[in-house]
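Colleague: Before I ask anything, here is the structure I am working with.
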Amino acid sequence: MNFKHTLLATAMVATPLFTHAALSQAQLQRFTQGTEFMFAVEDNFHKGVGSVLASITLKNDSGVALPKGESDWQIYIHSIRKIQTKQVAGLKIEHINGDLNRLVPTKEFAGLNSGESLKVQYEASAWLAAYSDFMPRAFMVANSQKPVIFANTDTEDFTQFVAPIERENQLKRYNDPVDYTKIANAQLRFERNQQKLSVSKEEAIKRIIPKPSNVDFNRGTAVLNSDWQIRYAGRLKSEVNVFTQSLASYGLKLEAKPDHISVANSPVIILKVDESIAKGKAESYRLEVDDEKITVVGTDNAGVFYGIQSLLALFSPDVQENIEIPNVEIEDSPRFSWRGMHYDNARNYHGKDALFKLVEHMARYKMNVLHWHFSEDEGWRLEIPDLPELTQIGGYRCFDLSEQSCLLTQLGTGPFKSGSGNGYLSRKDFVELLKFATARHIKIVPEIEGPGHARASIKAMEARYKKFTDIGNDSAASTYLLSEPDDKSQYLTVQNYHDNSMNVCLDSTYAFIDKVTYELQSMYRDAGTRLTHLHFGGDEVGSGSWSQSKACQALFSEPNNGVAGVADLKPYFTQRVASLFDKRGITPGAWEDGLMYDKVNPFNRDGFPNKEVTVNVWDNIWEWGVADRAYRLANDGYQVILSHGTHLYFDHPYEAHPDERGYYWATRYIDTKKAFGYMPDDVYGNADFTRNREPIVNLEALVGRELPKLVKPENILGVQGQVWSETIRTEEQVLAMIFPRILSVAERAWHKAEWESLGANQNNFAKDWQEFAAAVSVKELTKLQKGGVNANLPVPGALLKDGKLHANSAFPYLTIEYSLNNGKTWLHYSEPVNINDAQAVQLRTRHGENNVSRVTNLNK
């Protein structure tokens, strides 16, 4: 960006247009509306792997000047990278907490006239290689007046406030060691999309996701119309209600009655339970379709429900009233009992509808667990009526440094409670969601995050403490307090918080967890179900937590309690919480590092009274040497849910490109194909690349020690996808990050493919993937769209050969469009076309009227 005037740290400025020491509210408003605020990546290769040089440029065209010297104004920014620079260009850079930082003028500040620009360069940790690494809604405050957002940053369009990321030292993360990542472009995609196999649309319609165990298609079809009737075993009333709702979306309103009522000369759908089929394996079913009769038999209610989903999966997406279904015989059983999706809407709340849509579509693909991460540092998203501060304070972020009306603003929310990411689910709405999920055989597993990642609950209970102490009720004030007022412990977490650890030595911490657990149980009962599993987090506790706590020092001095020092506090917390849950008949769950002393030693399983303790194993950065924890924990008697970051973290980008949303700490990208290729029965077999994209040829050599084998496979419960929402602020964004990748999780959790014993590079993998991808594009994208989900579409591949444009897509049959006039008009691509000016070619994929991929340029 070329400005006529650029002020560096030593530059002199002319006399300001306004010379007041303080800005008025009107001046503040004019300045932020008329000043362009731009972030930029200057150099990821600045000092090797651990440092990036970035900048902020203020281009002042507002007619208002910032005065010279110290003044009572501050600019607040969100930075996910820890800023290391303390002072530059006459401005102090102060870290507040988490990602919130501010720029404060010092006496050395030279001022900023209208018509001039100020560039503030700063060093930060790690790297910045994607636009979504920068957060929107930078804002300014002056003289305790109302904060004002810089207008050009109040958007989800990163191009408005982030300078182009184009150079190698911007696109790559580091050069020492070498970052071998290939940044996605049209040519690379074209090469990766090349397929030797073809799948017809008719075959794609028949491909059920997830793939059944045994399928035998017969000659002929059944035509389902209003003449058909449904007869069902009385215990299946709930399943029938959901089934008839699904049929209604295809224009079919079928009479449904219990099976003791006879059918009068009418084709019929019969739904029943027979516990003897599939050797009695839970959730199994048998589906038979012929001209006049459809039979769904399940070993249990869930099995019948899943048989119905397979029947619906055979429907063409656009038909109405007369549905042609191929005659077929299917016998099917699930691979794993835990087929889950973790959803974090604590970082950013995306509204009630996002939850209902997620549950609705999870059920369609036979997934059965929603792990709901509703509490975090940045938010608490469920109403607990007896503890209103949890949502009054913890449900909102705004500009209140005292945090008596809201949490500190984080993650691009901006200074107001109306900002993105704010809100919570009412108790009534959660009960409704539970009923909705239960009817679709989905178990919701909530997570009360602790002892780390608990800042929202900590600050809410501190506000509650102040409220009660202000009226002299000290006893009530301390009942649920999660922090010790005079605790001088110092720590800084990975997310740059210094106060997000519950004090595990306070009895009030466990009173709080028990109270929330009790309230959750009450909600589940009101919904007609039971709270069977409850997750307590346990991960990423800041090193140094509790080291200066008087309550903990007192605990250390107590005899025979098994707590001699700080290293004993995490197992003390987990075992105490697990015991609390056990008394309530609840199975506890935790993230893997919450149950580990170190890289290789889990907490003593005998210390837990619970029959089962579930653990989500996520950290499989191969070169970090902890990817064997899944087997270590399973062998030690924990029940493992495979949640690995390299294949199953859907907050990661779909491809290695700066325009793609998401963090990329585990791997530079995870597309639908990579998730599809995950092999749950061979954790080590998934080791493909290191973080810098070097191929892994010998995992044990990389780790430097022998890797344990799995000796208790019965303790691998299943597979779970994860989405974390730091960079995801809207419903549309979160659903696009989850879909269609979640379909790959559903596939691998339900069905074991033949190619898994050979690895993901075999020909039969290519065939299976091509059939799956064709089914996604031919029918599943349409069904998702009708259900309110615009799934992410892969960006097309393309190349110019012999003067002709050749294009392809990762999903066969997806519409490809190209433009020769900078997107003003788009043409349908069906075969190679003559191109005169390659520089002008833009491409995208489309599905339906309102869903298009990112645009790519042929030469970029």
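The values are calculated or read from the model by the stated rules, or taken from the named source; none is laboratory data. Not measured: the values here are computed from a predicted model. As a convention, Cβ positions derive from the backbone with ideal geometry for all residues, glycine included, and neighbour counts pool all protein chains shown.
Colleague: If Asp487 meets every condition in (1) part of a helix (DSSP H, G or I); (2) not assigned by TED's automatic domain parsing to the domain that holds Met523 apart from one, which number is that one?
Modeller: (1)
Colleague: Are any residues in segment 331-354 among the aliphatic types (A, V, I, L, M) and surrounded by fewer than 24 Cβ atoms within 10 Å (Cβ to Cβ), and if so, which ones?
Modeller: Selection gives Ala354 alone.
Colleague: Could you tell me which residue of segment 638-654 is farthest from Thr181 (Cα to Cα), considering only residues that are in a loop (DSSP other than H, G, I, E, B) and touching a Pro at 6+ places or on another chain (Cβ under 8 Å)?
Modeller: Tyr638
Colleague: Another one. Quick check: anything in segment 318-339 touching a residue at least 40 places away in the same chain (Cβ under 8 Å) and at positive phi?
Modeller: yes
Colleague: Pull out all pairs, ordered by first then second residue, where Cβ-Cβ is under 9 Å, the residues are six or more apart or on different chains, the first lies in segment 387-406 and is within 17 Å of Gly98 (Cβ to Cβ), and the second is among the aromatic types (Phe, Trp, Tyr) and not in a loop (DSSP other than H, G, I, E, B).
Modeller: Ile393/Trp380; Gly394/Trp380; Gly395/Tyr349; Gly395/Trp380; Phe399/Tyr76; Phe399/Phe139
Colleague: Restricting attention to segment 375-392, which residues are surrounded by fewer than 24 Cβ atoms within 10 Å (Cβ to Cβ) and touching a strand residue (DSSP E or B) at 6+ places or on another chain (Cβ under 8 Å)?
Modeller: Once the filter is applied, which keeps residues that are surrounded by fewer than 24 Cβ atoms within 10 Å (Cβ to Cβ) and touching a strand residue (DSSP E or B) at 6+ places or on another chain (Cβ under 8 Å), segment 375-392 yields Glu383, Thr391.
Colleague: Working only within segment 669-720, note down all residues that are among the small types (Gly, Ala, Ser) and more than 15 Å from Ile621 (Cα to Cα).
Modeller: If the condition is that a residue be among the small types (Gly, Ala, Ser) and more than 15 Å from Ile621 (Cα to Cα), then Ala675, Gly677, Gly718 are the ones that fit.
Colleague: If you check Ile458, Ile448, which single one turns out to be modelled with pLDDT of 95 or more, over 25 Å from Thr587 (Cβ atoms) and of a type in the set (Val, Ile, Thr)?
Modeller: Answer to the selection: Ile458.
Colleague: Name the strands (runs of 3 or more DSSP E) wholly inside segment 532-637 in which the number of residues that are polar (S, T, N, Q) is 3 or more.
Modeller: By residue number, no strands (runs of 3 or more DSSP E) qualify.
Conditions tested, residue by residue: (1) hydrophobic (A, V, I, L, M, F, W, C); (2) under 20 Å from Ala775 (Cα atoms).
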residue: Ser316; (1), (2): no, yes
residue: Ile323; (1), (2): yes, yes
residue: Arg335; (1), (2): no, no
residue: Gly340; (1), (2): no, no
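Colleague: Just one of the numbered conditions (1) closer than 15 Å to Glu447 by Cβ; (2) modelled with pLDDT under 95 is not true of Asn560; which one?
Modeller: Going through the list (1) closer than 15 Å to Glu447 by Cβ; (2) modelled with pLDDT under 95, Asn560 breaks only (1).
Colleague: Please count how many residues of segment 438-475 are among the acidic types (Asp, Glu), surrounded by 22 or more Cβ atoms within 10 Å (Cβ to Cβ) and under 22 Å from Cys505 (Cβ atoms). Step through it out loud before you land on a result.
Modeller: Kept after step one, since they are among the acidic types (Asp, Glu), are these residues of segment 438-475: 447, 449, 462, 470, 474.
If we keep only those that are surrounded by 22 or more Cβ atoms within 10 Å (Cβ to Cβ) as well, we get 447, 449.
Now restrict to residues that are under 22 Å from Cys505 (Cβ atoms): 449.
Counting residues in segment 438-475 that are among the acidic types (Asp, Glu), surrounded by 22 or more Cβ atoms within 10 Å (Cβ to Cβ) and under 22 Å from Cys505 (Cβ atoms) gives 1.
Colleague: In this structure, is Ser132 of a type in the set (Ser, Thr, Tyr) and surrounded by 22 or more Cβ atoms within 10 Å (Cβ to Cβ)?
Modeller: The answer is yes for Ser132.
Colleague: So, in segment 812-829, exactly how many residues are among the hydrophobic types (A, V, I, L, M, F, W, C), in contact (Cβ under 8 Å) with a residue 12 or more places away in the chain and not in a loop (DSSP other than H, G, I, E, B)?
Modeller: 1
Colleague: In segment 486-497, is there at least one residue being at pLDDT 95 or above and closer than 21 Å to Tyr518 by Cβ?
Modeller: no
Colleague: List the number of the failed condition for Ile294; all other conditions in (1) surrounded by fewer than 17 Cβ atoms within 10 Å (Cβ to Cβ); (2) hydrophobic (A, V, I, L, M, F, W, C); (3) part of a strand (DSSP E or B) hold.
Modeller: For Ile294, the exception is condition (1).
Colleague: Looking at Ile270, Ile308, which is the one that is in contact with a helix residue (DSSP H, G or I) (Cβ under 8 Å, 6 or more places away or on another chain) and either among the hydrophobic types (A, V, I, L, M, F, W, C) or closer than 30 Å to Asn422 by Cα (or both)?
Modeller: Result of the check over Ile270, Ile308: Ile308.
Colleague: Name the single residue, out of those in segment 795-811 being assigned to a loop (DSSP other than H, G, I, E, B) and in contact with a strand residue (DSSP E or B) (Cβ under 7 Å, 6 or more places away or on another chain), that is farthest from Gln195 (Cα to Cα).
Modeller: The initial filter retains those residues of segment 795-811 that are assigned to a loop (DSSP other than H, G, I, E, B), namely 795-796, 802-803, 809-811.
Imposing the further condition that a residue be in contact with a strand residue (DSSP E or B) (Cβ under 7 Å, 6 or more places away or on another chain) reduces the set to 795-796, 803, 809.
Details: Val795: 16, Pro796: 14, Gly803: 22, Ser809: 10 Å.
Among those that are assigned to a loop (DSSP other than H, G, I, E, B) and in contact with a strand residue (DSSP E or B) (Cβ under 7 Å, 6 or more places away or on another chain), it is Gly803.
Colleague: Oh, and also: Do you know which of the residues in segment 728-763 that are of a type in the set (Phe, Trp, Tyr) and in a helix (DSSP H, G or I) is surrounded by the most Cβ atoms within 10 Å (Cβ to Cβ)?
Modeller: If we take residues in segment 728-763 being of a type in the set (Phe, Trp, Tyr) and in a helix (DSSP H, G or I), then Trp750 is surrounded by the most Cβ atoms within 10 Å (Cβ to Cβ).
Colleague: Can you tell me which residues in segment 175-222 are among the β-branched types (Val, Ile, Thr), under 20 Å from Thr667 (Cβ atoms) and crowded, with 16+ Cβ neighbours inside 10 Å?
Modeller: Thr181, Ile183
Colleague: Looking at segment 689-718, which of its residues are without any contact (Cβ under 8 Å) to a residue 60 or more places away in the chain and of a type outside the set (A, V, I, L, M, F, W, C)?
Modeller: Of everything in segment 689-718, those that are without any contact (Cβ under 8 Å) to a residue 60 or more places away in the chain and of a type outside the set (A, V, I, L, M, F, W, C) turn out to be Pro695, Asn698, Glu700, Glu706, Glu714.
Colleague: Still on this structure, please answer the following. When only residues in segment 693-735 that are of a type in the set (A, V, I, L, M) and out of contact with any strand residue (DSSP E or B) (no Cβ under 9 Å at 6 or more places or on another chain) count, which is farthest from Asp671 (Cα to Cα)?
Modeller: It comes out as Val711.
Colleague: Tell me whether segment 223-234 contains one or more residues that are of a type in the set (S, T, N, Q), out of contact with any Phe, Trp or Tyr (no Cβ under 7 Å at 6 or more places or on another chain), surrounded by 15 or more Cβ atoms within 10 Å (Cβ to Cβ) and in a loop (DSSP other than H, G, I, E, B).
Modeller: Filtering segment 223-234 for residues of a type in the set (S, T, N, Q) gives 225-226, 229.
Remaining after also requiring out of contact with any Phe, Trp or Tyr (no Cβ under 7 Å at 6 or more places or on another chain): 225-226, 229.
Right, trim to surrounded by 15 or more Cβ atoms within 10 Å (Cβ to Cβ) and you get 229.
Add one more test, that the residue is in a loop (DSSP other than H, G, I, E, B), and what stays is none.
No: segment 223-234 contains no residue that is of a type in the set (S, T, N, Q), out of contact with any Phe, Trp or Tyr (no Cβ under 7 Å at 6 or more places or on another chain), surrounded by 15 or more Cβ atoms within 10 Å (Cβ to Cβ) and in a loop (DSSP other than H, G, I, E, B).
Colleague: Now for a different question. Give me the residue from segment 39-60 that is out of contact with any strand residue (DSSP E or B) (no Cβ under 7 Å at 6 or more places or on another chain) and of a type outside the set (Phe, Trp, Tyr) and, out of that set, surrounded by the fewest Cβ atoms within 10 Å (Cβ to Cβ).
Modeller: Among those residues, the one meeting the criterion is Gly48.
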